[in-house]
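Notes to accompany the following structure.
Read-outs throughout are calculated quantities, based only on the coordinates presented, and are distinct from any laboratory measurement. Note that the structure is a prediction, hence the values are computed from the model and not measured. All Cβ positions, glycine included, derive from the backbone under ideal geometry; neighbour counts span all protein chains shown.
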Amino acid sequence: MWQRGSVPARVTTLVISLGCALAAIQLRLVQIQILRSPGLKVAARSQQETVVTLDPKRGPIYDRNGRELALSVDVDSVYADPSEITDPTLAARKLSAVLGVRFEDLRGRLKSNRRFAWVERKITPAQRKAVEKQRIKGVYFVRESKRFYPKGALASHVLGYAGVDNQGLDGIEYSQEAEVRGKAGYLIALRDGRGHRALGKSERLPTSGKAVVLSVDEVIQHLTERELENTVLEHQARGGTAIVMRPDTGEILALANRPTFDPNAYADYPEAARQNRAIGTIYEPGSTFKIVTAGAALEEKKVSPSTVIYCEHGSIQIGRFTIKEDRLPFDYLSVAEIVEKSSNVGSIKLATMMPASVFYKHITDFGFGQTTGIDLPGEVKGILRPPAQWSGLSHASLAIGQEVGVTPLQSISAMAAVAHDGILRRPWVVAGLVGEDGSLTRPARSADPGRRILSSSTASALTAILEKVVTAGTGKAAAIPGYTVAGKTGTAQKIDESGRYARGRYVASFAGFVPSRNPALAIIVVVDEPHGGFHGGEIAAPAFARIALPALQYLGVMPEDGGVVLNRNTEIQAALKGFESMRTLPRGPFTARPGTAEQPAHFVPLALNEVRQRSARQSEETAEMPDLSGRSLREANFVMAQMGLICKIGGQGPVVGNQDPPPGAEVTAGSACQLVLVEERQ
C-alpha cells in the first residue's frame, strides 16, 4: 500500500511502457500511411489488379479517290497469368508447339512472378482454335488491332509500316503518328489477395485515330510501279525510282522505288529494300542539271535561246583538266542546241558567263542543297558546297551536273518549276486528315503558293528548248503520240568508294512534263547501274513515255492534236479495266475529270464514314477460303485483296498450283495465305 501523494514504481513503469507502445504504434502508422503509402499502393495494385493495355485502332490511309491503302483489323493475342499456371514447363511446351514460339523463352515468361505475360501477339484464327484445344488454366485472349496493307507492296515507300505495338516506323505511318495512332485503352481485372478469384473488371475502350487521305492515285501508282519494275528487270539494274507529280500543285500522284518490300512483312526484307530512294539517296544528276545552267544564263540575260556559242570542237581546258563531250564534238551551237544535244562544253561556257556566287544562287533557287519539305520522313538535302569551298574545276563541273548530289525528288521538283511558269512548289502527299465525325483538316503545305525562281519568259523559253530535246535531241524515246513532251536526259558516272568515277557504273535518268504547254504531269525516271546501255535517252526516256501515256489517258487528258490514241495499247487498257472493276468508292465531283486535269483537285473521299464502317465489319467477319488453283497471280491477288488477306508467293510460273490455307478453310481479314505458282494449270 502506498502513501497518499506517491505513485508506485510499477505503475510508473507501466504508464511509461504503454506510452512508448502507443508512440511506436503511431510512428508505425505514420510510416505506413504517409511515408510508405505510395509504394504500398503500388504493391497492392500489382497484387490485386491485372492491367492489359488495349491498342487503339490506327486510322485508315486512303488514296485520293478513297481506295484503302492501309487499315487496321481486329485480331487475337494470347496472354497468361503465371500465378495461375501450375506447370509452366508443360504449358510452355504445349503453347510453343501450336504457336511457333521458342520453348525456352516462353517457359521463362510463364515462370515469372508477374501477374501478366504475353504468350504471342496477333495470332490467326486457326492458332486461337489450337490454343483453346489445349485448355490451359491461366491462358487468356484479348482483342488487339493489327495493321494490314491490302495492296501489298503498292506504294510501300509512301505508306511505311507499323510495328507489332502499332507504332508507325516509317513513311506516312511515322510522319502522321500523332494523328493516326489514336488513344490506347485498358482492361483492369480485380482479384483477391492471393491473386486467384476474379472480383470484377473495368475497361476503357481505345479511341481510333484519324484517317489520312493521300494525293497518291492508286491506278497511277500501279502503272508507275509496273513500268519501273519492267525497266529495272529489262536492264538488270541495281535499282530505280520513278515519281509522278502535278507541277501546278506539288502533289505527288505516284512514288515508286525498286527494290521494294511488302509492309505486311517488313521485317523479312533488307534495309536496302525499305529505303525510300526517292528522298533518301543522292546521285550526280549529270545532264538533267543543264536545265539549271541554261535557266540561270537566260534569267541573267547573258544569252537568248538563239545566241550562238563556239563549243571548241568537243573539248575545253579548265586549268590542267580537259573536259570532253560525251558523244560527238560540236563547233557552233545555239543555246537551244546546247541543251538539245546535251553539250558539256557549251554548258560550261554558259555557266562561266556568271560569277560563282550568282550561279550558286540560281542552283539553290531551284531547290538543290536543301530538303524539299515533303511530308515524308528520311529526306536528305543532298550535297552542294558553297562557292568558298569550290575548287578551280567546280564551276565547270556543276554546269554539267557533277560535284553536286541530288535526290530524284529534288530533280523533278526543279523540272516541275519550269513547267509551272517558273514557280517552285513544295511537294506533298498528305491531302487531309479526317476524323470519325467526318471533320476535315488540310495541312497548310497543300495551300503553299510556292515561290518564283524564273520569270515567265525564261520558263517559256526553257520549255521550248526542252521540247526540242524530245523531238530532235537526246530524248526522242520519251515522245508520246498526240502529246508534246518537254524534258531532259541525264547520264552520270557513279563515284566508287575511293572517291573516283567508277568505270562501267552509271545512273541513267529522264525528267520531263506533258503536255508541255498545259502540263498535267511531271515525271522522273532514275535507273541505277543499268546493263546493256547506260544513257538516259535509251534507258529512262522510254519508261517515262510508258508511264505518261496511260496516266494521261486515265486522267482524261485528250491529245493536243484532237486525235484519239486511247485504244492503241491493249495491255494498258486491260490493266486499267482491271482496276476499274475493283469495288471502290465512286469518284466524287472534286476529282480529276476529262478536260480538267489542269485544275487543282480536292481529295475528300465520298461516304468516308461508310468506308470506316465497312472496314470495321470486315475485320470482325470470317469467310471461307476460295479455291485459287488454276488462276493467274493477278486474279488470285485481286480476290485476296478484296477479302483482306495477305498474299505470300512461292514457286515460279503463271498460275497458282497450291495454296495454304486450303479451299473452304475459315479465314479473317489480316490472315496470311501462301500461294505456290506453277508452270501449267493442274
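The separation of segment 265-310 from segment 89-157, counted between C-alpha centres, amounts to 49 Å.
Here the Karplus relation 6.51 cos²θ - 1.76 cosθ + 1.60, evaluated at θ = phi - 60°, turns the backbone of segment 76-83 into coupling constants of 8, 10, 10, 9, 9, 9, x, 5 Hz, with x for every Gly and Pro. The 3J(HN,Hα) values that the Karplus relation (6.51, -1.76, 1.60; θ = phi - 60°) gives for segment 475-485 are, in residue order, x, 4, 6, 8, 5, 10, x, x, 10, 8, 10 Hz. Gly and Pro appear as x.
Backbone amide hydrogens, once placed in the peptide plane, bring L54 within less than 5 Å of G185, Y186, L187, excluding anything fewer than 5 places away on its chain.
Working ranking of peptides 457-469, 501-513 by packing, defined as the average number of other Cβ atoms within 10 Å per residue, highest first, is 501-513, 457-469.
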